[in-house]
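Values quoted throughout were computed directly from the atomic coordinates according to the rules given, and no laboratory measurement underlies them. Bear in mind that the values here come from a model prediction, so they are computed numbers and not experimental data. Cβ coordinates were reconstructed from backbone atoms using ideal geometry, including for glycine residues, and neighbour counts include every protein chain displayed.
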Amino acid sequence: MLLGALTARSQEDPPVTVSRPLPPHEPVASAVVFEGLASFGNYNLFASGSGCKLYTGGVEYDRNSWGRFLRSQVDYVAEALPLVLLQEPTQSDYHGYPTTTRRRIVPGLGFSPVGFRMLWRQGQLLQPYLEEKGGILVFDRKVINSNATYEDFSLHSSFGLLVKASPSYDVRVSLYSDFHMSNAFIVPVNPGLDVMNVSFGLSYNLGRHHPVSR
């Protein structure tokens, strides 16, 4: 009888549930960089154009989308350049070599939707990085050669340092990088251009804020 009563009572009692709070959601590491670039010379690496200088200003977005590789944080990178200034000769030959000493400034803009950044020692005082960005530049006239194009594809390869200034801000410095532009022969004339440059930026961290470590 006692066993039957206990069995009946256990069937009437509601099951006991234990609720456990979900772990807090950790925001994805991301940053917005306000940046500028100035070239200090050019060379004929993948292009034949010469006698030009390039200056840009814009905003870059970095987001840790691909985890880690070779002990680095691998980020997706996109960039918008509302300010692009190309200093070029007013006349040049088929290969983009200047045929006059006169110069002019050609304004334009750029957008790089595809890129990646590898960042080492994140959260430390000095954080080396390697970055690659690909996109397009658009000018208000045909550049480097009068028979070339208004649009050029761009590839910017750089390496440098992020210097931790606070948990929210980093200063970005790159003393040498390569900026390549060409029209990929969408017209017969494609002098292209490779410039050496320096760049600086102020990075604001949107996701995880690392304390300054030395």
>> Please list log₁₀ I(q)/I(0) at q = 0.11, 0.16, 0.22 Å⁻¹ for the range 92-214, using the Debye equation with identical point scatterers on the alpha-carbon positions.
In response: -0.50, -0.83, -1.23
>> How would Tyr94, Tyr61 line up from fewest to most surrounding beta-carbon atoms within 10 angstrom?
In response: Tyr94, Tyr61
> Over all distinct alpha-carbon pairs, what is the Kirkwood Rh of the range 19-175 in angstrom?
Replying inline: 17.6
>> Students often get this wrong: which residues of the range 141-164 have the backbone nitrogen under 18 Å from the point 7 angstrom along Cα-to-C-beta of Tyr94?
In response: 144-149
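Please compute the net charge surrounding Cys52, taking Lys and Arg as +1 and Asp and Glu as -1 over other residues with Cβ under 15 Å from its Cβ.
On the way: positive: Lys53, Arg102, Arg103, Arg104, Arg141, Lys142; negative: Glu88, Asp93, Asp152, Asp178, Asp194.
In short, +1.
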>> Report the gain in length on full extension from Phe200 to Tyr61: 0.36 nm times residue separation, minus Cα-Cα distance, nm rounded to one decimal.
In response: 48.6 nm
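Looking at the calculated P(r) for the range 145-214, what percent of the C-alpha pair distances fall above 21 Å?
Details: 1175 of 2415 pairs.
So the pairs more than 21 Å apart make up 49 percent of the total in the range 145-214.
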> Amide H to amide H under 5 Å from Gly160: which residues, 5+ apart in sequence or cross-chain, H placed 1.01 Å off N in plane?
Replying inline: Tyr129
> What's the FRET efficiency of Tyr76 with Thr101 using the Cβ-Cβ distance as r and R₀ = 45 Å, to the nearest 0.05?
Replying inline: 0.55
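Can you sort Leu193, Leu137 by how many other beta carbons sit within 10 Å, fewest first? Let's see the in-between values first.
Working: Leu193 29, Leu137 23.
Fewest-to-most ranking of Leu193, Leu137: Leu137, Leu193.
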